[in-house]
Amino acid sequence: MDARGLVRSVRSVGTTWRVGTVRAAWRRRRADAAGLPRPGAERARVPGTARGATPRAGGGVIRFARSTLTVRVTVGGAVFLGWDGADPEPSYALAGRVPEADARAGLEPDKDGGWRVVSERLLVVVSRHGTVEVRTPGGLLLRRELPPCWWESVPLPEAGPAGGAGADEGPGAGPPPGRWLQRSEVAPDARFFGLGGRAPGPLLRNGSYRLWNTGQGSVGPHGDPLYITMPVQLVVADVGTHLVFHDNPWDGRVTIGEGEEGRGSGHDRRGRSEIRMTGGPLRYWVIAGTPARVLHGWARLSGPPALPPGWALGHQHARWGFGDEREVRRVAAGYRDRGLPLRALHLDVDHGDGHRVFTVDRARFPDLPGLAADLARDGVRLVSAVNPAVKAEPGGTVYDSGAAVDAFVRDARGHEVRGVGWPGEAVFPDFTEPRVRKWWGELYAERLAQGFAGVWHDMNEPTAFGPLGGRTLPRSARHALEGRGGDHREAHNVYALTMAEAGHAGLRQLRPERRPFLFSRSGWAGMQRYGGTWSGEVAGDWSGLRASLSLVLGLGLCGVPYSGPDIGGSNGSPCPELFLRWFQLSACLPLFRTHAARSAGRREPWEFGAEVLAGCAAAMAERERLLPYFSTLAQLALRTGAPYVRPLWWQHPRDRALRACEDAFLLGDALLVAPVLAAGVRERRVRLPRGRWHDTVTGEVHEGPGEVLLPAPLSRIPVLARAGAAVPVAGTDGATELEVWPPAPGRTGSGLVIADAGDGWERPPVERFTVRRLAGRTVVEREDGGAVGYPVRLRT
C-alpha cells in the first residue's frame, strides 16, 4: 500500500487511526532520542603503511599501521577482502556457509613493500599504503580501491542512561560504530548496473543512490530509494565484467561517476564510484568473468534462486479491494467465460478481519476454503498477502502467541516497539531471531488451511505509518541479529529477507511435497533463495511502464530473476493503449500479474474495450505457448543464476552501444523483445546484437549488429528469434515441441529443454539440441545422440 492509498483510506479508518499515526511518529522520535548514543567528536583514520603479512589458505592477512586487510580467494574464483579484522564469515547474504579457500592461491611480496595474491581468475595487488587493485590474470585493471577511511566517534559523557557511560548494556547499546568511505576507480568506458531495484534504468547514471529499503508511493523514473536496495554493483567494461558486493546491511550511499571520456579534461579519466556506510564492517566480495560466469558465481555465493511452481509462470490477477467472495468469483468467471487463461487470484490485506494478519473477514468471505476449492477446479490458485504488522491486542491469537515467545521488537528500555500498520496500532516480529522465525513460519498453517497456494509479503521494509517522516521502526529498536544483538540501523535492510526466510521455511515444513510460492515487496542480497519480488507501487503512467522494465532488468543482474510489475501500475487510471502496452511487456516477464489499488479502478482486460481485450488475449495465448520456454529459463536460473530477462549486452559486453540500450531485452538467449514504452508508437527502432535475427511474426530476417526499424502495431510488440534457436513451446495439444529457426549459412544453432517440474521438487534432466543446415535443409539433433523426442516445427 502506498502513501496515496494511505490518505484515501483515512476516511474509512477514522480519526482514531490518524491520531495513532501521529502518536507512533512521536514515540519513534522519542525512542531514538533516548535509545541512540550521541556521537562525540569524530576522528578520521586510514590504514597507514604496511608492516607485514601472514599467509593463510587462499591468501593472507596484511598488517598496516592502523588496520589489517584479509584477502582470500575461494574455490570458484570469488575473492573476499575484509578490513579491520572482518572475515568471510556467514552473513544474511551468503547461502549458509562460506566457500572454501582456494589452496592454489597464495600471498607473496610485491614491489615497493606491497603484496599480491595470484589466482587462476584474478590477481589482487595491495600497495604498501592500502590501495587494492583487482586485475585479470593477464594484468589488466578491473578495479582499484583507494585506501579506505573511517570516522570513529565516542559518545558524549552526558548522553544519558540510554547511551552514555554507565548505560544499561542492553542489546545494541554502546558507542555508535564508525562510519566509513571507500572510493573506487574502474575503466573509463565502464558502466554500472545493479544496487537492487532502481527505477531510472538498469544502467546507473552519475549520481547518488541510497541503500535503505523504503516504501514508496507511485514509483516513477526518479524514485530513490525504493523497496529493495542492495550493495551489489555489476561493472561492465571492455576489459571485462565484474561484480562487487559489500556485505554490510547498514544505511549507506553509493555515488557513481562514469568518468570523463570525451570531455577534454586533462585529469585522470577513470570511472569512479564510492560507497559510504554509516556503520558495520568493511568487507566485500569480487567476482569476475563473462556476465554469465559472474552471475553463476554470485548465485553460488548468495544461494540459487527459488524455483517457482509451474503455475506461477502463468497469468495472475490481484486487486486491493476485491470486496467479497462474490466479486472474486465474478472476476474468475470473467476470465473463464472469455477463454483467457488465469493461474492465480491474489487477495490483498483487506480480506483479513480488520486487516489483521492470518485472519479472514468471515462476513465477506464466509467459506474461503470452499472458494479456493471451486477455483482450483478451474486451475486457479488463491494467493494471500501477508504483512509483518501484528495488531497489538491482548486476546488476539497472533499477538498472544507471539508475546508468549517474546517475538516482538523491543526498545532500549525493553518495551514493545509499536507503530501503526493496516490493522491499527501494531507490533513487529523480530525475524533476526531464529526462535521467532520458527514461530512465524508455523503461522502459515492457517493460510494453507484457508486454501491459499502461495503468499506475497507486503509492507515489509518494514513500513510503519507516520506523518512525521521515517515510516519505519525507530532506529534504536533492538534486534537479536542471530544472538549478536544490535539495533534497527543494522537490521532494517535485512528485515524483509529474514521474514522471507521464515515464511519459506514454514511453508516447506508444513507442505514438504510442494515448492513454496512466495514473493516479497522488500528484500536484500540473497532474497532470491526464498522467492521473487514485484515492482511495488509503480505509477500508472508511461514513466511507470519504463520503470517496470528497469526494475526487472536491474534486479535480475543482482541475482533476483523472478520479478515483474503491477500491470497498469498500482495507482492512477491508465488509458487503454498504456494498459495494453504494459500487458504486452509483462507477458514476456517472469511474474505476469495485474494488480492495482482500490482507488485505481479495475484492471481486468475486458474493462478497456474490445481492441485491448483482443490484444491482451493474444499476449496471454503467446505466454501460454511459451510456458515450456519459461519453465526451462526457471530451471536454468536455479542451476546457473542466469536471469530470465537479460540486457542486450549479455553475450556481447564489449559492445558499448548495447550497454546503453535499455528499451529492449533478451528473454533467455533465444528471443529478443522490444516493448513499446511511449504513446502513439506504431513502429520502433531496435538495436540488434551481432548475428541473424528472425521476426517471429513476419519472418523477415535482420542482421546485427546495428539498428532496424520494426513494425509495432497496437496488437503486438516486436519479438525476434535468434537464428538457429530451438525454442521449447506448447503445441496445439499442450505437449512440448521444438520451434526451430534456421541458422545462418555456415553456422550452427542450439536449444535446450528442461521439463516442467510442476509443484514438486523433481530435478529434471537437461536435454540439449544442435541445429544445423545439411543439404539445404534444417536438421535438429540431440547432443547425446539419442532421438530428438519432441515434434519439430521449422520456421522460415
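Listed values, structure above:
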{"read-out": "Under the Karplus curve 6.51 cos²θ - 1.76 cosθ + 1.60, θ = phi - 60°, whole-Hz ³J(HN,Hα) for segment 686-700, x wherever Gly or Pro sits", "value": "10, 8, 9, x, 5, x, 9, 10, 10, 5, 6, 9, 8, x, 4"}
{"read-out": "Cα gyration tensor shape for segment 332-417, rounded if a/c is under 1.5, else prolate or oblate", "value": "prolate"}
{"read-out": "Whole-percent carbon and sulfur share, accessible surface of the chain, 1.4 Å", "value": "51 percent"}
{"read-out": "Taking all pairs of distinct alpha-carbon atoms in segment 353-399, Kirkwood radius in angstrom", "value": "12.3 Å"}
{"read-out": "Per residue accessible area in Å² of segment 64-162, where ligands, DNA and RNA are left out and the probe is 1.4 Å", "value": "44 Å²"}
{"read-out": "Dipole of the chain, positive direction: furthest Cα of 717, 201, 386, with charges on the beta-carbon", "value": "201"}
{"read-out": "Selection from 753, 778, 794 lying farthest towards where the dipole of segment 731-796 points positive, charges on Cβ", "value": "778"}
{"read-out": "At 0.890 mPa s and 25 °C, Stokes D of segment 661-736 from Kirkwood alpha-carbon radius, µm² per second", "value": "186 µm²/s"}
{"read-out": "Compactness index (Cα Rg / 2.2 N^0.38 Å), segment 360-516", "value": "1.09"}
{"read-out": "Whole-Å semi-axes of segment 443-547's equivalent ellipsoid (Cα gyration tensor)", "value": "25, 22, 13"}
{"read-out": "Peptides 439-446, 553-560, 281-288, 602-609 ordered by average Cβ neighbours within 10 Å, highest first", "value": "553-560, 281-288, 439-446, 602-609"}
{"read-out": "Estimated translational D of segment 231-381 in µm²/s (Stokes, Kirkwood radius over Cα pairs; 4 °C; 1.567 mPa s)", "value": "63 µm²/s"}
{"read-out": "Hydrodynamic radius of segment 294-450 per Kirkwood, over alpha carbon pairs, in Å", "value": "17.8 Å"}
{"read-out": "Solvent exposure, largest accessible area first (probe 1.4 Å, DNA, RNA and ligands not counted), of 400, 110", "value": "400, 110"}
{"read-out": "When segment 596-678 is reduced to its Cα atoms, the Kirkwood hydrodynamic radius in Å", "value": "15.4 Å"}
{"read-out": "Where only alpha carbons of segment 76-139 are counted, the Rg and the Dmax (Å)", "value": "12.9, 39"}
{"read-out": "Taking segment 66-141 and dividing mean pair separation by its residue count, relative contact order in percent (alpha carbons under 8 Å, at least six apart)", "value": "19 percent"}
{"read-out": "Accessible area (Å², 1.4 Å probe, nearest 10) - residue 661", "value": "20 Å²"}
{"read-out": "Sorted peptide list for 730-739, 326-335, 127-136, criterion being average Cβ within 10 angstrom, highest first", "value": "127-136, 326-335, 730-739"}
{"read-out": "Reference-scaled alpha-carbon Rg (2.2 N^0.38 Å with N residues) for segment 289-330", "value": "2.06"}
{"read-out": "The chain - mean residue ellipticity at 222 nm from DSSP helices (-39,500 (n - 2.57) per run, n ≥ 4, rounded to 500)", "value": "-6500 deg cm²/dmol"}
{"read-out": "Cα gyration tensor shape of segment 699-796, rounded if a/c is under 1.5, else prolate or oblate by comparing a/b with b/c", "value": "oblate"}
{"read-out": "Packing-based ranking, highest mean first, of 525-533, 91-99 given that Cβ atoms within 10 Å are counted", "value": "525-533, 91-99"}
{"read-out": "Residue 717 - accessible surface, heavy atoms, 1.4 Å probe, Å² rounded to 10", "value": "20 Å²"}
{"read-out": "Global form of segment 706-759, assessed from the alpha-carbon gyration tensor, a/c cut-off 1.5", "value": "oblate"}
{"read-out": "Scattering curve values for the chain, log₁₀ I(q)/I(0), Debye with Cα scatterers, q = 0.05, 0.07, 0.08 Å⁻¹", "value": "-0.26, -0.52, -0.69"}
{"read-out": "1.4 Å probe accessible area per residue over segment 577-627, in Å²", "value": "26 Å²"}
{"read-out": "Simple Cβ-charge dipole of the chain, Lys/Arg +1 and Asp/Glu -1, about Cα centre, in debye nearest 20", "value": "1040 debye"}
{"read-out": "Cut-off under 5 Å, modelled amide H: who pairs with residue 432 long-range", "value": "480, 481"}
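The values are calculated or read from the model by the stated rules, or taken from the named source; none is laboratory data. Here the structure is a predicted model, which is why all the values come from computation and not from measurement. Because the Cβ atoms are built from the backbone with ideal geometry, glycine has one as well, and the counts that use them run over all protein chains shown. Please note that ligands, DNA and RNA were not included when accessible areas were found on the heavy atoms of the full protein model with its side chains. Shrake-Rupley method; radii C 1.70, N 1.55, O 1.52, S 1.80 Å.
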